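*Asks:* Starting off with a structure, shown below.
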Amino acid sequence: MRHFLPLLVALIFFAPIVSHGQSSRWEAGLALSEMTPNNFNMLEYSATAVSGELSWWHVFQDDEWWVVRRKNPAFGIRGSFAFIPTGIAGHRLGVVGIIRAPLWKRLDYHIGAGLSGYTRSSYFTHDTANIFISTLISCLIDVGFDYCLNDRLSASLALLHSSNGMLNRPNKGLNFLQLSLSYRLSGPGYRSLGTVSELPHPVMDSRHEIGATFQGGIVASRDLRLDGYYPCYDLSLNYQYYLDPVVAVGGTLDMWYNGSHYRLARMLDESYTFPCYVSMLGFIEGKWDRISIKAGLGPVLVAPPRVNIRFYERVGVYYNMGKHYVGVSLHAHAGVIEFIEWGYGFRIPIK
């Protein structure tokens, strides 16, 4: 099961890549990155990694309103091999699905997620005090900026993160601050944003929506006194307001459960064993055809007294089918991923 989860992250990105008015582009790249464990107390394990990359892109270049609004976005698949000299987790193989779109003139931004495999995980090392990747396959997140140097060359600065979302432990995770240079092998060249005149967007029946999302997954406790896997799930009641047909802001009331937290409270015989956290989250959601990305931050209103971090974050990728959607999200506290959730939701327009 834990090997299947990251694969679906990538598949959700690629499901809608069947559309008219698009063309393909191939790129090859070389990257240098500063790799550090996801732990500020272990910077002595940092190293410079060298990567080779091959990317395949579908570039939207038609005159549909959402394409113009998104400034001709591109959906891509990128495969990479990273040579890590210190070998603390071996070398990295990775594949990610990426959404890329212009931000300003020649500057683009990209958001990607997929999976990574390391040639020397905990299955091949006995250094139990310093296990950085504890599963053969982990999630790989890629967020960054790209600058179009000319019609063929593009430079990128990105942050990559590998971990398994605590599906196995210990798992410190690895971060890569990466600078890369890509060369277009074939297909259309890079486009400067320039002065794109926006088409009038479709008339909206309603700018308001209410709905609900149910998400669930499994988690391993960060407390080493607990072994095994525990269920986690949450119910979100949602409201959102569309600024236009592809950008919305809103909020949720979340009631969520982490089985490992509840089990630890029972084991420690704590008087507060209310199993459900209650929290609120404000979010922004952007759509690329059927794909949407939602990111939010908010306070935790009800939690056990020993929970010191009273805010949380969630980033999700969803595939929309009319009023219904399915997707995957990362649930985190102060940037530390607690668990990965898969979910279903529905939206109801209101006048």
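*Asks:* Could you tell me which residue of the range 154-166 is farthest from the chain's Cα centre (by Cα), considering only residues that are of a type in the set (A, V, I, L, M) and within 20 Å of Phe81 (Cα to Cα)?
*Replies:* Among those that are of a type in the set (A, V, I, L, M) and within 20 Å of Phe81 (Cα to Cα), it is Ala155.
*Asks:* His331 passes all but one of (1) out of contact with any Lys or Arg (no Cβ under 7 Å at 6 or more places or on another chain); (2) crowded, with 21+ Cβ neighbours inside 10 Å; which number fails?
*Replies:* Only one criterion is unmet by His331, namely (1).
Yes or no, residue by residue, for (1) at pLDDT 80 or above; (2) β-branched (Val, Ile, Thr); (3) over 23 Å from the mean Cα position of the chain (by Cα); (4) closer than 30 Å to Asp244 by Cα:
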residue: Trp65; (1), (2), (3), (4): no, no, yes, yes
residue: Phe81; (1), (2), (3), (4): yes, no, no, no
residue: Leu103; (1), (2), (3), (4): no, no, no, yes
residue: Gly114; (1), (2), (3), (4): yes, no, no, yes
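*Asks:* Also: Here is a list of conditions, (1) in contact with a strand residue (DSSP E or B) (Cβ under 6 Å, 6 or more places away or on another chain); (2) within 20 Å of Val307 (Cα to Cα), and Arg266 meets all of them except one; can you say which number that is?
*Replies:* Status for Arg266: all satisfied but (1).
*Asks:* Counting only residues that are over 21 Å from the mean Cα position of the chain (by Cα) and more than 19 Å from Ala332 (Cα to Cα), which one in the range 241-262 is surrounded by the most Cβ atoms within 10 Å (Cβ to Cβ)? Steps first, answer last, please.
*Replies:* Within the range 241-262, the first condition is being over 21 Å from the mean Cα position of the chain (by Cα), and the residues that meet it are 241-245, 253, 255, 257, 259-262.
If we keep only those that are more than 19 Å from Ala332 (Cα to Cα) as well, we get 241-245.
Working: Tyr241: 13, Tyr242: 18, Leu243: 11, Asp244: 15, Pro245: 15.
Restricting to residues being over 21 Å from the mean Cα position of the chain (by Cα) and more than 19 Å from Ala332 (Cα to Cα), the top hit is Tyr242.
*Asks:* List pairs: first in the range 188-217 and polar (S, T, N, Q), second assigned to a loop (DSSP other than H, G, I, E, B) and modelled with pLDDT under 80, Cβ under 8 Å, 6+ apart or cross-chain?
*Replies:* Ser192/Lys105; Ser206/Lys351
*Asks:* If you don't mind, there's one more thing I want to ask. Kindly establish whether Gly343 is of a type outside the set (S, T, N, Q), surrounded by fewer than 20 Cβ atoms within 10 Å (Cβ to Cβ) and outside the structural domain of Trp66 (by TED's automatic domain parsing).
*Replies:* Spelling it out, it is not the case that Gly343 is of a type outside the set (S, T, N, Q), surrounded by fewer than 20 Cβ atoms within 10 Å (Cβ to Cβ) and outside the structural domain of Trp66 (by TED's automatic domain parsing).
*Asks:* Looking at (1) modelled with pLDDT under 85; (2) among the polar types (S, T, N, Q); (3) part of a strand (DSSP E or B), which is the one condition that is false for Asn130?
*Replies:* (3) is the only condition that Asn130 fails.
*Asks:* Right, something else. In the range 46-73, how many residues are in a helix (DSSP H, G or I) and closer than 21 Å to Asp142 by Cα?
*Replies:* Total satisfying the criteria: 0.
*Asks:* Related question: Surrounded by fewer than 18 Cβ atoms within 10 Å (Cβ to Cβ), more than 30 Å from His110 (Cβ to Cβ) and of a type outside the set (A, V, I, L, M, F, W, C), is that true of Pro231? If you could, list the steps in order and put the result at the bottom.
*Replies:* Numbers: surrounded by fewer than 18 Cβ atoms within 10 Å (Cβ to Cβ): yes; more than 30 Å from His110 (Cβ to Cβ): yes; of a type outside the set (A, V, I, L, M, F, W, C): yes.
Yes: the conditions hold for Pro231.
*Asks:* Take the residues in the range 317-328 that are farther than 23 Å from Ala220 by Cα and at pLDDT below 95; name whichever of them is surrounded by the most Cβ atoms within 10 Å (Cβ to Cβ). Quick ask: steps written out before the conclusion?
*Replies:* Of all residues in the range 317-328, those farther than 23 Å from Ala220 by Cα come to 318-326.
Still in the running and at pLDDT below 95: 318-323.
Numbers: Tyr318: 22, Tyr319: 18, Asn320: 17, Met321: 10, Gly322: 8, Lys323: 12.
This residue is Tyr318.
The values are calculated or read from the model by the stated rules, or taken from the named source; none is laboratory data. This is a predicted model, so every value here is computed, not measured. Because the Cβ atoms are built from the backbone with ideal geometry, glycine has one as well, and the counts that use them run over all protein chains shown.
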